[in-house]
Amino acid sequence: MSRYVGPNCRFCRREGAKLFLKGERCNLEKCAFERRSYAPGQHGQGMRRKQSDYSVQLRAKQKLSRIYGLREGQFRKYYQEATRVPGVSGENLLRLLEGRLDNIVFRLGMAPSRKAARQLVRHSHFMVNGRRVNIPSFLTKPGDVVQVAEQSKQLEVIHESMRRSRESLPWLSVDKVNLQGTVLEKPSRDNIPTVADEQLVIEFYSRV
């Protein structure tokens, strides 16, 4: 199974926007996007060509998949599931992505980034409804309680992340004292702070 191990900041520069892939570092002056906001590569500073409809849709798809840290195969499966269930496909897609355990851990403030959350989940530092879960793609549902495992409650990375202020979301409840959170409901599009054009993603997959 392939895994990208290169610099994450080049993704932000390629998409022309901060994707906040490195947590709080993205808010500092030493953020690579702040210093070099142009695209990576030899011709990154050259004049951008006019983009076709396909190119715009591709960039929207790449941006969304990189925000959530997914490979193409994984992302396509979420698209297929989003189009099978009733409702607006674009919103369904975002709800599925937001329901991933690694994203929930990040949204609850228990990890500085989704990448860090994914690693913490893989090392069995979290429990869902009292059972250890080490699968980052595990889909949570309303009523699920996500908490830090007893043996992991002393991890400094979790406490440091919890100390930092972060926007609270109405569909999540956070208990910082007990290091746990509850999924209250499925999020509406207005309550998902991800900056993306999910409809362009649906259009991209619809034509290929």
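FYI, it's all coordinate maths here, none of it is from the lab. Keep in mind that this is a model prediction, so the values were computed, not measured. Note that we place each Cβ from the backbone using ideal geometry, even for glycine, and neighbour counts take in every protein chain shown.
Quick notes
- When +1 charges are put on Lys and Arg Cβ atoms and -1 charges on Asp and Glu Cβ atoms, the dipole computed for the range 98-189 relative to its Cα centre reaches about 240 debye.
- Percent RCO, i.e. relative contact order, over the range 98-189, from Cα pairs under 8 Å lying at least 6 residues apart: 30
- The range 98-189: translational diffusion in µm²/s, Stokes-Einstein, Kirkwood Rh over Cα pairs, 25 °C, 0.890 mPa s: 194
- A cut-off under 15 angstrom between Cβ atoms defines the neighbours of R76, and their net charge, with Lys, Arg +1 and Asp, Glu -1, is +2.
- Extension gain, R76 to Q199, is 42.8 nm, computed as 0.36 nm per intervening residue step minus the present C-alpha separation.
- Packing-based ranking, highest mean first, of 100-106, 124-130 given that Cβ atoms within 10 Å are counted: 100-106, 124-130
- Charge dipole of the range 98-189 about the Cα centre (unit charges at C-beta), most positive-ward option of L108, I135, V148: I135
- Each Cα pair under 8 Å and six or more residues apart adds its separation to the average, and for the range 149-208 the resulting relative contact order is 21 percent.
- Averaging Cα coordinates gives a centre for the range 99-154 and one for the range 49-76; these two points are 26 Å apart.
- Among the listed pairs K115/K141; K61/K153; K141/K176, a Cα-Cα separation exceeding 32 Å is found for K61/K153.
- Taking a ≥ b ≥ c as the square roots of the eigenvalues of the alpha carbon gyration tensor, the range 158-208 is prolate, as a/c is not under 1.5 and a/b beats b/c.
- Label sites at R131 and H159, each approximated as a point 7 angstrom past Cα along Cα to Cβ, lie 3.1 nm apart.
- Taking amide H as placed 1.01 Å from N in the peptide plane, F126 has its amide H under 5 Å from the amide H of V133, A149, each at least 5 places away in sequence or on another chain.
- For the pair Q151 and D175, a Förster radius of 25 Å applied to the C-beta separation gives a FRET efficiency near 0.85, rounded to the nearest 0.05.
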